[in-house]
Structure formats: C-alpha cells, structure tokens
Amino acid sequence: MKTYHDLEVQPLDLEIGPYRIHALSTTSFGLDGGAMFGTVPKVLWSRTNPADDQNRITMDCRCLLLISKDKKILIDTGLGGDFEDKYGPKLGPAFAEMYAVEAGSDSGIVTALAKHNLSTDDITDVILTHLHFDHAGGATKSENGQLVPTFKNATHYIQRENLETATSPNLREKASYYSCNFKPLEEAGVLKILDGEQEILPYVSCTLSHGHTRGQQNIWIDDGKSSVLYCADLIPTATHVRLPWVMGYDLNPLLIIEEKKKELTKAAKKGTHLFFEHDPYCSSAKVTPIKDGADFRLESISQLS
Ligand SMILES: [Zn+2]
C-alpha cells in the first residue's frame, strides 16, 4: 500500500443519494512549487511534493463524475487540449512546455470517460468551479477550425461573479483566464449563470469562496449520511489542508484561510470526504481538528474509484 503524509492510501467506493461517485484523472501537469505553497518554505513542502529541475511540482487535473439513472454530472473539466487552436501558434506549444503537460495527452477526459462506457455527449451537466484554464480548459475543443463545447448536450453552471472576473481579468490573473475556454459556451447557449450559494442539482449544492479568485464555487454532494466536498482551489492538494498553507496564486490569503476554516469545520464534524482536484497522490481525505479547532490535519486519505 502506498503511503503519503505518513498515511496509507485506502481505496474508496462511494455512493451518495442517487449517484455513484467517481474520480476522473485527466492529465498531469506541473506548477511552480513555490507559487503553490506561498510562504511555506521549500524544505517543508518538498517532503511530500518534490519539485523537478525547474521547481515544478506534479499536479493532477482530477474531475468528479456523478452517475445516476438520468444524470451524468461532471465537476470541472481539466485543462483540455488543442492548445495551438486555442492559444495560438506561439503560446500554444509554449503553454504545453511551461506547464509540463504530458506529451501526447489530448483533453484526457475522453479516455477517462470511456473507462465508464461514457462519451462526452452523455454528460448532462457540467459544474465549473471557476474558469481558470486548468479547470475549464476541457470544456471547449477545436472542431473543423471552430471552438465548440466539448460536452454539447450539457448545461454548464458558473457563478456570475466568476464569469465577470474571467471576462475582464485583473492583471494578476490574466494568465489564467482565456476567453477561448468559456466564450464558446456562451455562444452555444449552454451556460447557466448562477447568483450565490444554492442547490444546483438534487443533493448537489455550492458554497462560495473569493480568496483564490472571485466567485469560486465549492461543491457539496450530501445526502445526510455521506458527503463529499469538491474543494477545487480552496484546498488543491492534501498538503494544503493545514490552514496557513495557502497558494501564492490566491488573491486574498487571509480571506481564503477563513473560508478554509469554515468549510473544514463543517467537513470534520460531518466526516466529509474532501476531494482534491490537483493532488497527484490521492483523491480524497478526511480531516480532524487540532489546536481546539484553530487548525486541521489529515485523518485518513483515500483514492476514489
Ligand atoms: Zn484556480
């Protein structure tokens, strides 16, 4: 059995409400380890997340798939493919190299869905936590020289505040928001814009977080007995569970610490499975409070089927 953070990675099968829940790994990529861990020294984070010769750590782009009798719901879409068509002849190849995207990987999602005997056309709903390229890039693809929705039969859900941020990005986030990843969804009329915290679909609801970017939605799947929190960039890897371990990328570190505390307090109480989009070594974990609830640590870690 593999260990990580001195814990054994346990296999996990999960059903919540009407849904069977599956992790879908699309493609791995690399981001600067320093940027991923903000003020945390490298001697600490490199113990669990070693860097390559360019100081990048390995990251997964892991989506969540919910399957019921009449719904096939996808949460986030990975970073997609077709980089040259999307980002142009100069930035496209540079993009793949800069982020160490696995050679030859397509959008990754096609292969991942095929393992469940599904195609992109079977997806009924796509929930986008936010429109950064590594979350929404897989939502569009190039077809006959045009950018189109990858999941053409799906309703796509995004928070209005995030769509507005992505449409007119600030200087700090400009390199993460590209209109090619969401304009084709608007043009095809498949985007459903949400305003605030709410139930999106049966047993699936969102809370909002603004510390990483404006209008990120954290997704809760909860039937009262079992629950999953899709953490997106609120807690990108298991190593980010400790409250002060926040990313250099986060717009507002103090705010995201408060937002993490609120969600982790709830998750620890309910025994929620946290789901990590970017952790390369495990998909999920449970947490327990330490220091009288002033911080949290990993209690167990698992790999969702
Ligand atoms: Zn992000």
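Every number here is computed from the coordinates shown, using simple stated rules; none is lab data. Just so we're clear, the structure is a prediction, and the values are computed from it rather than from any experiment. When we count neighbours, we look across all protein chains shown, and the Cβ atoms used for this are built from the backbone with ideal geometry, even at glycine.
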Bounding extents of the range 1-130 in its principal axis frame from Cα atoms, largest first in Å, are 47, 44, 25
Here, residue 179 and residue 294, labelled 7 Å along Cα→Cβ, have an inter-label distance in nm of 4.9 nm
Could you name the lysines whose alpha carbon sits less than 23 Å from that of residue 152, not counting residues in the same chain fewer than 8 places away? 69, 71, 72, 86, 115, 141, 183, 192
Taking 0.36 nm per intervening residue step and subtracting the Cα-Cα distance, what contour gain separates residue 170 from residue 5 on full extension? 55.8 nm
Given a Förster radius of 30 Å and the C-beta distance between residue 119 and residue 15 as r, what FRET efficiency does 1/(1 + (r/R0)^6) yield to the nearest 0.05? 0.85
Fewest-first sequence of 98, 247, 1, 36 by Cβ atoms within 10 Å of each Cβ: 1, 98, 247, 36
Can you tell me what share of the DSSP beta bridges in the chain is antiparallel? A percent to the nearest 5 is fine. 75 percent
